[in-house]
């Protein structure tokens with residue numbers, strides 16, 4: 001097991017911009033909400049999933065295949081995680097990521113977790129990707145188990161433990177707008193508190 005990448009005390013550094021992390025399993029809606037939140041708040045959208053997908057495309061692999069490779073080659077996750085911590089050090093981001101919440105716990109301005117039951121998420125993924133439900137289920141389960149095992153082994157982090165999050169939203173209970181209002185309200189309050197702590201500087 002490796003230690004989490006060493007991070008600066010970002011919260012005490014008012015010279016960098018705000019950092020908000022939106023996490024959650026595939027099909028929960030985290031990317032949709034993170035991208036919209038970044039646009040509304042005038043922050044940069046940063047996605048570790050996009051980096052992972054780019055690596056898969058560059059190597060001619062599916063996400064499931066790259067996940068299996070990452071189980072044997074920890075340098076893939078470590079590279080993405082170090083880049084994420086460095087980006088957070090610059091600030092001004094909404095980070096869409098499975099693991100970043102644990103990397104930045106205690107230093108990000110807000111940690112948001114979005115979730116939904118597995119059947120709901122699989123239906124969403126199948127519709128989004130144009131695949132049958134069985135294929136979506138198979139790939140989703142493989143990715144989730146792979147991520148959990150990798151992060152447990154690398155960092156001792158259980159991504160099924162959501163106790164570190166400031167806000168947890170079940171996107172199967174609320175419609176898209178209701179869920180977004182909850183997330184956006186929490187984010188704006190976090191930014192307000194940050195401005196107060198930084199003497200009016202966001």
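The values are calculated or read from the model by the stated rules, or taken from the named source; none is laboratory data. Model, not experiment: these values are computed from the prediction. Positions of Cβ are generated from backbone atoms using ideal geometry, with glycine treated the same way; all protein chains shown enter the neighbour counts.
A few points about this structure:
- Qualifying residue in segment 101-119 (condition: touching a helix residue (DSSP H, G or I) at 6+ places or on another chain (Cβ under 7 Å), in a helix (DSSP H, G or I) and without any contact (Cβ under 8 Å) to a residue 60 or more places away in the chain): no
- Inside segment 39-82, residues that are in a helix (DSSP H, G or I), over 17 Å from the mean Cα position of the chain (by Cα) and in contact (Cβ under 8 Å) with a residue 40 or more places away in the chain make up a count of 6.
- Residue tally, condition under 19 Å from the mean Cα position of the chain (by Cα) and over 21 Å from residue 105 (Cα atoms), over segment 171-202: 6
- Hits in segment 146-164 - residues which are buried (at least 18 other Cβ atoms within 10 Å of the Cβ) and not in a loop (DSSP other than H, G, I, E, B): 146, 147, 150, 151, 154, 155
- Search result, residues across segment 35-52 that are at pLDDT below 95 and over 16 Å from residue 86 (Cα atoms): 49, 50, 52
- Boolean, residue 89 is assigned to a helix (DSSP H, G or I) and surrounded by fewer than 18 Cβ atoms within 10 Å (Cβ to Cβ): yes
- Unmet requirement for residue 59, which otherwise passes all of (1) modelled with pLDDT of 90 or more; (2) on the phi < 0 side of the Ramachandran plot; (3) surrounded by 14 or more Cβ atoms within 10 Å (Cβ to Cβ): (3)
- Single residue of segment 171-187 satisfying the filter (touching a residue at least 24 places away in the same chain (Cβ under 8 Å) and in contact with a helix residue (DSSP H, G or I) (Cβ under 8 Å, 6 or more places away or on another chain)) that is farthest from residue 119 (Cα to Cα): 187
- For residue 123: the one exception among (1) exposed (fewer than 15 other Cβ atoms within 10 Å of the Cβ); (2) modelled with pLDDT of 90 or more; (3) closer than 19 Å to residue 28 by Cα: (1)
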